[in-house]
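Everything on this sheet refers to the single structure shown next.
The values are calculated or read from the model by the stated rules, or taken from the named source; none is laboratory data. These figures come from a predicted structure and were not determined experimentally. Ideal geometry is used to build each Cβ from the backbone, glycine not excepted, and the neighbour counts take in all protein chains shown.
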Amino acid sequence: MTDTRPILFFDSGVGGLSVLAPTRALLPHAPFVYVADSAGFPYGTRSEAEIAARVPALLGRLAERYRPRLIVIACNTASTIALAAVRAALDLPIVGTVPAIKPAAEVSRTRAIGVLGTDATVRQPYVDDLAARFAGDCLVLRHGSADLVQLAEAKLRGEDVPPVRFEAALAGLFGQPGGERIDVIVNACTHFPLVVDELAAVAPHPVLFVDGSEGIARRIAFLTQGQSWPDSPGEGVAVFTGDADHAALAPALARYGLTRVEAL
Ligand code: DGL
């Protein structure tokens, strides 16, 4: 019998599409439900208590409604704050998204790494721990940018995104003591790979941008190994929990296979 249960992706907005893309490439027949918590967006300027209360409860409702085979928290902010609580609450595999500090440390030559995330993510003890474990011999500079999240959303709505705002976000890293040595930047928010070309274009010197999306896709493929999938790729569904400009986002969502839009 064909298993039609979807893989459910969850983010505050469109950022998780950067994780959905490599997953679709590896699992072309997988049915996907992509949930953007637009009623709670943006997460990056919220408190830990708000995220910790909101995310497990909402994912519980979503799991009941969509009966997924696996959930991907395609959001660094939600993962670094609430991953353990979600895993404790739900009886199905939960894949999180955490800053790719380990791969960044593996490739940095200058031993100076930038971590670009939301304000909430870059202050998490989870990030202190990753830096201590995997980049102990590196200078790890962090910067939180709420504006980059808005820029990624605007780009996917088809709006103009002025280069000067990307420059300002990067200045938050390169302007710190030792920042001129940075040769690798971790895109520690899933929105940021969506604007990586714009970021690379204004960097003061060439840097490598890394994120965890390919690794997460491989992890999802591993965890679903041997499971059956529908014979042909189904219609991907995008679900919004609150107001969002669905019409403006529709062409971008369709590029990621999300051809139907629903409200929660
Ligand atoms: N995409 C999210 C992340 O990876 C958060 C964006 C936001 O809502 O601030 O952290």
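Mind telling me which of the residues 110, 190, 118 ends up being among the hydroxyl-bearing types (Ser, Thr, Tyr) and surrounded by fewer than 22 Cβ atoms within 10 Å (Cβ to Cβ)?
110
Just so you know, in the range 34-49 the residues that are surrounded by fewer than 23 Cβ atoms within 10 Å (Cβ to Cβ) and more than 11 Å from the ligand (Cβ to nearest atom) include one that is farthest from residue 188 (Cα to Cα), and it is 39.
Identify the residue in the range 135-156 that is away from the ligand (no atom under 15 Å from the Cβ) and of a type outside the set (A, V, I, L, M) and, among all such residues, is surrounded by the most Cβ atoms within 10 Å (Cβ to Cβ).
Residue satisfying both the conditions and the ranking: 138.
Of the strands (runs of 3 or more DSSP E) that lie entirely inside the range 202-264, those containing 1 or more residues that are more than 19 Å from residue 29 (Cβ to Cβ), in contact (Cβ under 8 Å) with a residue 24 or more places away in the chain and touching an Asp or Glu at 6+ places or on another chain (Cβ under 9 Å) span 208-210, 236-240.
Condition check ((1) surrounded by fewer than 19 Cβ atoms within 10 Å (Cβ to Cβ); (2) touching a Pro at 6+ places or on another chain (Cβ under 7 Å)) across all residues:
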position: 11; (1), (2): no, no
position: 28; (1), (2): yes, yes
position: 53; (1), (2): yes, no
position: 65; (1), (2): yes, no
position: 73; (1), (2): no, no
position: 82; (1), (2): no, yes
position: 99; (1), (2): no, no
position: 103; (1), (2): yes, no
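Of everything in the range 157-198 that is part of a helix (DSSP H, G or I) and within 19 Å of residue 36 (Cβ to Cβ), the residue that is nearest to the ligand (Cβ to nearest atom) is 192. Among residues of the range 50-79 that are at negative phi and away from the ligand (no atom under 14 Å from the Cβ), those with a Cβ under 9 angstrom from a residue that is at pLDDT below 95 and not hydrophobic (A, V, I, L, M, F, W, C), sequence gap 6+ or separate chain, pair up as 69/3.
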